[in-house]
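Structure first, then comments.
The values are calculated or read from the model by the stated rules, or taken from the named source; none is laboratory data. Every value quoted in this text rests on a predicted model; they were computed, and no experiment measured them. Cβ placement follows ideal geometry from the backbone for every residue including glycine, while neighbour counts extend to all protein chains displayed.
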Amino acid sequence: MLKALPGWNFSHDSFVFRGFPELQNHRWLLALLFSMFYLSVLLGNFLLVYVIRRVERLHSPMYLLICTLCIVDILVVTTILPNMLLGLLFDWNHISLAGCLVQMFCTHFLSSVESTLLLAMALDRYVAICTPLRYADIMGSSTLLKLLLFTLVRSVSIMATLVGLAGSLWFCGSNIIEHCYCDHMALVRLACNSTEKNHTAGLAVIICFVAVDIPVIFFSYMKITSVVLRVAGEERLKAFNTCSSHLMVITCFYLVGSITFLSHNLNIRIATDINTLMGVMYILLPATINPIVYGIRTKEIRNGLLRLFWLNSKRSSSVKISPGKPQTGP
């Protein structure tokens, strides 16, 4: 549908996704591939949340942050994957402007929350390894609440501004979004009026999250490394193992995300199929890898998972049918 605007003949209030134009003949294959990704995200992250929730020794700040990260991964993938699969399978590619803006806010908000969680996890490891005697005092419940408040205030304020600027644009040309979900710059490119503020806001997001979070994370792990190198034996191996798991997740998230954001905001021309795939994998890849990395490489989580399975199997094998009570005569 179209709506009239002052100074323009009309502005679109509905849009059509066209994310993989060169692969339209292979839509079922794409749907199968992304469905497998989605199932692995749900199973892996729900399993990790279940283990952390059930095993009492995992109720510490680091594991609670991992649990929160898993929940965010489930939410952000669910924001885009179901609609995307419907588009691939049944050509349900239309979305209203309001729906597009809601999806945009949820996607970018949850991604920014994930960035802040990775920052909090790096700081948690810094405190645990560099000042272990003060860990319980520093990383208490009040600190976690402050981190939560900081995460919400920063993410909501920045992403609401970003989406608000996008919603104020006029769309009087094409209504085809060259993506499979409502990415910020994919929508902004369709605007008829000036998008300078939108590009500035996009770069501000990169500066606020990438240019601030990555240096802090890098500094934290540099300090951690210097401390760990002075520790001998099993404690050094344990610290390196935990930190390497975090670094794998952080690298996966920021590397793909930085390439995606920079290509959009610096107007680097990339084929639509590749650009769409990068945008989807920025959401899917960390959410798929996180539970694998933490579940396999983190000894405490791995032991908790094995313990739960052992207890469940033992409980199942111990269930027996009680014999009927013999009747006694009068």
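Figure legend. Inter-residue proximity from segment 268-287: first residues over 18 Å from P82 (Cβ atoms), second residues β-branched (V, I, T) and outside any helix (DSSP H, G or I), beta-carbon distance below 9 Å, spacing 6+ or different chains. Indicated pairs: M278/I270.
Across segment 87-143, the number of residues qualifying as assigned to a helix (DSSP H, G or I) and over 30 Å from Y181 (Cβ atoms) comes to 18. Every listed requirement among (1) closer than 21 Å to C130 by Cβ; (2) modelled with pLDDT of 80 or more; (3) not basic (K, R) is met by F240 save one, (2).
Inclusion of V113 among residues that are surrounded by 18 or more Cβ atoms within 10 Å (Cβ to Cβ) and modelled with pLDDT of 85 or more is warranted.
Look at (1) assigned to a helix (DSSP H, G or I); (2) modelled with pLDDT under 85; (3) hydroxyl-bearing (S, T, Y) and you find that S11 fails only one, number (1). Can you give me the number of residues within segment 122-165 that are of a type in the set (S, T, N, Q) and under 16 Å from F209 (Cα atoms)? The number of residues fulfilling the criteria is 4.
So, in segment 149-167, of the ones that are within 21 Å of the chain's Cα centre (by Cα), exposed (fewer than 15 other Cβ atoms within 10 Å of the Cβ) and free of Cβ contacts under 8 Å to residues at least 40 places away in the same chain, which residue ends up nearest to S11 (Cα to Cα)?
Result: S157.
Of the residues V227, V256, the single one that is among the β-branched types (V, I, T), in a helix (DSSP H, G or I) and modelled with pLDDT of 80 or more is V227.
Of all the listed residues (L75, L89, L97, L119), the sole one being surrounded by fewer than 22 Cβ atoms within 10 Å (Cβ to Cβ) and modelled with pLDDT of 95 or more is L75.
Under the condition of being hydroxyl-bearing (S, T, Y) and assigned to a helix (DSSP H, G or I), the residues counted in segment 284-302 number 2.
Checking the conditions here, which among L145, L133, L187 is under 28 Å from L247 (Cα atoms) and either under 23 Å from the mean Cα position of the chain (by Cα) or of a type in the set (F, W, Y) (or both)? Can you show your working first?
Working: L133 fails: either under 23 Å from the mean Cα position of the chain (by Cα) or of a type in the set (F, W, Y) (or both); L187 fails: under 28 Å from L247 (Cα atoms).
Only one candidate qualifies: L145.
Scanning segment 168-197 for residues that are exposed (fewer than 15 other Cβ atoms within 10 Å of the Cβ), of a type in the set (G, A, S) and not in a loop (DSSP other than H, G, I, E, B) gives no hits. Of the residues making up segment 100-139, just one is among the small types (G, A, S) and free of Cβ contacts under 8 Å to residues at least 12 places away in the same chain, namely A136.
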